[in-house]
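Here the structure is laid out as C-alpha cells; the discussion comes afterwards.
Read-outs throughout are calculated quantities, based only on the coordinates presented, and are distinct from any laboratory measurement. As the structure is a prediction and not an experimental result, all values here were calculated from the model. As a convention, Cβ positions derive from the backbone with ideal geometry for all residues, glycine included, and neighbour counts pool all protein chains shown.
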Amino acid sequence: MLRTGLLAASRSPQLRSLVEHTPLAQPLVTRFVAGTGVNEVLPTVADLRADGLTVTLDHLGEDTLDLAAVEATVSAYEDLLAALAAADLADGAEVSVKLSAVGQFLGDDGERIALDGARRVCQAASAAGTTVTLDMEDHTTTDSTLGILAELRRDFPWVGVALQAYLRRTEADCAALATAGSRVRLCKGAYAEPESVAFQSKDEVDRSYVRCLRVLMAGAGYPMIASHDPRLIAIADSLAAKNGRSAGDHEFQMLHGVRPDEQRRLAASGATMRVYVPYGHDWYGYFMRRLAERPANVGFFLRSLATR
Ligand code: FDA
C-alpha cells in the first residue's frame, strides 16, 4: 500500500512541487544524491575509486517534455564525461542514461530524438574511454528502450541496459541479450506495474530474479547484478563459480547511500563492485522511488519533518 502510494506520488506534479520546495527533505536526499553539479560529484567519484569501487553516474531527470530540456541533459552528460576524462577518472566511471530524459516521450519523434541524444552521450563516452548503460523505466518503454539499445550497439557494442526481474517478459529478454559483448544490469524493478505484466509479490520477483540470473550467468554476455539483497548476492556468487566466471566477467552494483559497508566488503573480497551515483537538481522521482523501496526510509523522513 505504502509502496504503491509513494510510487503514485513520484509522478504527481503537485507533490513534486511541495517536496522540492521544502528544505526538510534535504537530509535524506543527500544520503542518496551526490550533489547538484559536476564539481560536487567528481570528489565523490574520486573517493569511491580510491576505495576500490567503480561508478556509474546518473544525471538526474526523467519524463522530459521539451527539446530545450533534452539538449540540457545531453550537454550535461557531455560535460560530465569530458570532466571525468580531464580528471583522469573515466577509467572505472561510466554513465547511466534514462531515455525519457533525452526525449523518448516527445510525441511521434520521441524515439528518434532519444536515439540521437543517447548517440551523442555514447560518442562522448567513447571519447572519454568509458561506457554507457541505459536505465529501464516503466513497462510501456521496454520495447522502445530495447529497440534504441539495438540501434546504439551497431556503433557502440558496449552499451548496456537494465532489465527488471519483476516483468514477466524479462527471462526471455535476458535470453535474447545473453550474447557476447552484451552488458545486462539485472535489477528487481522500481515502478508501479500492473499484474498483467509484472509479478506482484516479493517471492515471485525474487524467483524471477534467480531465473534471469541463471540465464545471464550461463550466457556469453557480461551480467551486472544490481541488488542489495544479501540472498540474491549469495546466489549470484555461487552461479558465477558454477559457470566459471571470475571478477572480470561479471559485476555487482548498488545505489549510492544503500548498504555502503557491503559495497566495500564486496570490493575488498575481489569482486567488481559498481556504485550508481545520481547527481543533479531533478531528484524528486528518484528520491520517491528510494522511499518506496524501504518503509524505514519513510519513517526517517517523517521523523526529520517532525523534529523541525
Ligand atoms: P530489496 O528491495 O528487496 O532490498 C534488499 C535490501 O536492500 C533491503 O532489505 C534493504 O536492506 C536494502 N535496500 C534496498 N533498497 C533500499 C533503499 N532504497 N534504502 C535503504 N535500503 C535499501 N530499477 C529500475 O526499475 N530501473 C533501473 O534502471 C534501475 N537501475 C538500478 C541500478 C542499480 C545499480 C541498482 C542497485 C538498482 C536499480 N534499480 C532500477 C532499482 C531496483 O529495481 C530496485 O528497486 C532496488 O535496487 C531495490 O531492490 P533490491 O534488489 O535491492 O532488493
Considering amide H positions built from the backbone, and no H for Pro or chain starts, which residues 5 or more places from residue 134, or on another chain, come under 5 Å of its amide H?
97, 160, 161, 162
Compute the distance in nm between two label points, each set 7 Å from the Cα along the Cα-to-Cβ direction, one at residue 154 and one at residue 229.
3.7 nm
Quick one: length gained pulling residue 241 to residue 87 fully straight, 0.36 nm per residue minus the C-alpha distance?
51.9 nm
Here the gain from full extension of residue 66 to residue 261, 0.36 nm per residue of separation minus their alpha-carbon distance, amounts to 66.2 nm
Taking amide H positions as placed in the peptide plane 1.01 Å from N, state which residues far from residue 255 in sequence (5 or more) or on other chains have amide H under 5 Å from it.
276
According to the Kirkwood expression over distinct Cα-Cα pairs, how big is the hydrodynamic radius of the chain, in Å?
19.7 Å
Using mean Cβ contacts within 10 Å as the protection proxy, how do 69-81, 244-256 order, highest first?
69-81, 244-256
